[in-house]
Amino acid sequence: MDTSQELLIANLVYPIVKDLVLPKIQAVFKKNPKISVKKESVEEQLNLYLTQRYTKFLTIDTLVFPNMQTALEILYQPLTISCWEGVIGENIAIKIDSYPKELLPNYARVIIEDTAGMGKSTITKKLFQSIIEQKAGIPVLIELSQIKKKNSILKEIQNQMSPIGKKLSQDILLKLINEGNFIFLFDGYDEIALDDRDFTIKELHRFIEKAGDNYFLITSRPEDSLTSFGDFQKFHVNPLKNEEAYELLEKYDTYGHNKIAESLIEQLEESDDSLQEYLSNPFLVSLLYKSYEYKKDIPVKKTQFYQKVYDALFEAHDLSKVGYLKREKYSKLHTDDFERVLRYIGFFTSKANKIEYDKNSIIQFIEKAKRQTTDLKFKASDYLKDLLKTVPLFKKEGNNYKWAHKSLQDYFAAKFIWIDAKESRIDILIKIFHDEQNQRFYNVLLLYFELDRKGFEHTILKLLLIEFKKFIHDHDHYNYLSKEEHKIERIEKTFAKESIVIMISKASDYKKGASDVYRKYVKKTNKLNSFTEDQSAQLYKSQNPNRYIFTVITYNIYLAVILRLINEVYPNLTRKHFSTEYISTICKIREGNIYTLDDKRSNVLNKEENFKFVNDVIGNSNSRRSLKYYECLSKLKELEKNDSEAEKNELLDWKY
């Protein structure tokens, strides 16, 4: 970094330190005169923290240009996030090309949830920079994969804000945070390691509660456990428009040796709508550029994208060199053998839900893959060098190693199940289905569906439909109802839910703010005090009379994940329910009482006059999807008739 850039950063950071940080330091020292460290020392450390973090986020790693520093400012394509704001009855769209105050502090607590590759992590880096540039607050960006028992959120903040040899005490940090106006950006909720998941989720809840007078943003792939953050406003990233995707391709040309954007865009404009999904996703746009740079054709399937990118990285890594210099591999492995080892690594690391590792951990994963591929001879240390340099699917950050993008891990794990698992394939899929932490395999299963649709149908889909049929049999207790559709609707909407608690407020509570009422009812029902990830608490309004409706739903979490997956790949088998701000159906139950739903006819919630109201409330919950009763039973019959084992026997049926 040259002197002029250092001066520019210093001029950006100084006003924040002077106008935002220093007054907080002075307030803390005034309230706590016995603090032993000097104010100037604390100020100096926070100045250094803001400078170093801002500098760090000036550049980003990309799979398109591995091992090259690329500027965020040049490659960032402004993304738009949106949510449905029920109070005013309209869709709110916010463009992230700077720090938008209509996001934070307007909402105070925000979740940005979307699928793989939509640019969530890039948004957090852009926000961090913009907060400093606009003097909007004191930003803190934390990768949640770093949080574990040995490294709490406060300790991670301490590490970030303390230069080597100078530890800023956690006590002073907490006092500074409690002065307010910190903006916490928690990135990668879905990347929390499996072993740390329970601790980290509870730690996140505790920290947000303790540091409540600040602003919080969490990013994640879709996760049902996010419903435990009931007072956060959820946003999604809008798909890129075609012209935005083309702009991003042109930006990649800034660093590309061969300017290919114009030719690629011409081909895309001549293609049909089948590529629309790939143009809408920033990461897939980058893969499109990378694969087209290698071979001038456009893959149709997502899995083809990943394969072509692997081929490009392995066969022609140095695309910046004239003649496409092909580097010798340290491991001496052929492309097929190298990929076979990589598939094992993808699967083993996917099981652990880890994308980042210290050197010992990643070497252990490579050694584990090596034990499964005994016909191959290579050194784990050489293979790691290849992953970083000659086939750069990994990157090194400090002392840690991580996948260039989690989607790559998912792809190789899916391909492992399809190709390498062999006779264990069905057992692995069954185990994933029943795993209470199967969320970590969500994208793996999406990609596996693309690779082996028939295998997916006869395992994952069939298992879910069997569970649904059993649920129908066990819960068909509503024959007293005059309307058959109400019974079917109840069965559809309660499947994959373990318990449902409903409460209607008293008239006096309706005059209070929704956030205050929400927190009051959370305490009253005593259902969310442990912050379990399988629960969702929500507050709605009813009309005639005006009341709040409060619900706590506990999910069968592994079924809820699979249900969401099936909704994506078999939309004809699922029914989507649309959330509304108001529940219009009237319910005749006592206000202020807590009611738990069951199947008993004696339960007031199951009385015919209340039945539709309860259905509407359940359908308005966070899990706004359900299986279609008749369509699913019909599909199960079809799968049972077309048994894959029978098809296999037919393949072997010949005389000799």
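No lab work stands behind these numbers, since they all come straight from the coordinates. Just so we're clear, the structure is a prediction, and the values are computed from it rather than from any experiment. All Cβ positions, glycine included, derive from the backbone under ideal geometry; neighbour counts span all protein chains shown.
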Inset, instruction - Note down the magnitude of the dipole of the chain about its Cα centre, charges +1 on Lys and Arg C-beta and -1 on Asp and Glu C-beta and zero elsewhere, to the nearest 20 debye. - result: 2340 debye
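What are the membrane-span-like helices in the chain by this rule: whole DSSP H runs, Cα extent along the axis at least 15 Å, mean Kyte-Doolittle hydropathy at least 1.6? Present the calculation step by step, with values, prior to reporting the outcome.
Details: long enough: 3-16 (20 Å, 0.82); 39-56 (26 Å, -1.25); 120-133 (20 Å, -0.11); 197-210 (19 Å, -0.91); 242-252 (16 Å, -1.33); 282-294 (19 Å, 0.30); 302-315 (20 Å, -0.69); 335-351 (24 Å, -0.38); 359-372 (20 Å, -0.92); 462-474 (18 Å, 0.32); 484-494 (16 Å, -1.93); 514-525 (16 Å, -1.13); 557-569 (19 Å, 1.72); 608-619 (17 Å, -0.27); 629-641 (19 Å, -0.90).
Counting only whole DSSP H runs, the qualifying helices are 557-569.
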Inset, instruction - Place +1 on the Cβ of every Lys and Arg and -1 on the Cβ of every Asp and Glu in the chain, take the dipole about the Cα centre, and give the residue among ALA312, GLY180, PHE611 whose Cα lies farthest towards its positive end. - result: GLY180
Legend entry - Sum of -39500 (n - 2.57) over DSSP H runs of 4+, divided by residues of the chain (222 nm, nearest 500): -13500 deg cm²/dmol
Legend entry - Cross-link partners of LYS150 among aspartates and glutamates (Cα-Cα below 15 Å; sequence separation of 8 or more within a chain): ASP195, ASP196, ASP198, GLU203, ASP358
Inset, instruction - For the stretch 335-451, give the magnitude of the charge dipole about the Cα centre (Cβ charges: +1 Lys/Arg, -1 Asp/Glu; no others), in debye to the nearest 20. - result: 340 debye
Legend entry - Three-way shape call for the stretch 379-420 based on the alpha-carbon gyration tensor, with the a/c threshold at 1.5: oblate
Inset, instruction - Sort the chain into rounded, prolate or oblate with this rule: let a ≥ b ≥ c be the square roots of the eigenvalues of the Cα gyration tensor; rounded if a/c is under 1.5, and if a/c is not under 1.5, prolate when a/b is larger than b/c, oblate otherwise. - result: oblate
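For the peptides 415-425, 137-147, what is the packing order when you average, over each peptide's residues, the other Cβ atoms within 10 Å and list the highest mean first? Walk me through the intermediate numbers first.
Details: 415-425: 16.5, 137-147: 21.5.
Averaged packing, sorted descending, gives the order 137-147, 415-425.
Within the set LYS524/LYS600; LYS95/LYS512; LYS406/LYS523, which residue pairs have Cα atoms separated by over 30 Å?
Details: LYS524/LYS600 24 Å; LYS95/LYS512 32 Å; LYS406/LYS523 37 Å.
Result: LYS95/LYS512; LYS406/LYS523 exceed 30 Å.
Can you pull out the trypsin sites (Lys or Arg not before Pro) in the stretch 78-157 whose DSSP state is coil and whose Cβ has at most 13 other Cβ atoms within 10 Å? Don't jump to the answer; show the numbers that get you there.
Numbers: sites: LYS95, LYS101, ARG109, LYS120, LYS125, LYS126, LYS135, LYS148, LYS149, LYS150, LYS155; in loops: LYS101, LYS135, LYS149, LYS150.
Taking the stretch 78-157 and a limit of 13 other Cβ atoms within 10 Å, the loop trypsin sites (Lys or Arg not before Pro) found are LYS101, LYS149, LYS150.
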Legend entry - LYS167/LYS101 FRET efficiency (R0 30 Å; Cβ-Cβ; nearest 0.05): 0.30
Inset, instruction - Could you point to the residue in PRO299, PHE128, TYR448 farthest towards the positive end of the chain's charge dipole, with +1 and -1 charges on the Cβ of Lys/Arg and Asp/Glu respectively? - result: PHE128
Legend entry - Unsatisfied cross-links (Cα-Cα over 19 Å) in the set LYS329/LYS422; LYS24/LYS175; LYS126/LYS166: LYS329/LYS422; LYS126/LYS166
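When ranked by the protection proxy of mean other Cβ atoms within 10 Å per residue, highest first, what sequence do the peptides 502-508, 5-11 form?
Working: 502-508: 17.0, 5-11: 11.9.
The packing order, highest mean first, is 502-508, 5-11.
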Inset, instruction - Please work out the Cα center distance from the stretch 370-397 to the stretch 1-69, rounded to the nearest Å. - result: 37 Å
Legend entry - Members of LYS259/LYS415; LYS210/LYS395; LYS18/LYS125; LYS155/LYS385 lying beyond 28 Å, as alpha-carbon distances in this model show: LYS259/LYS415; LYS210/LYS395; LYS155/LYS385
Inset, instruction - Starting with the highest mean, order 304-310, 479-485 by the number of other Cβ atoms within 10 Å, averaged over the residues of each peptide. - result: 304-310, 479-485
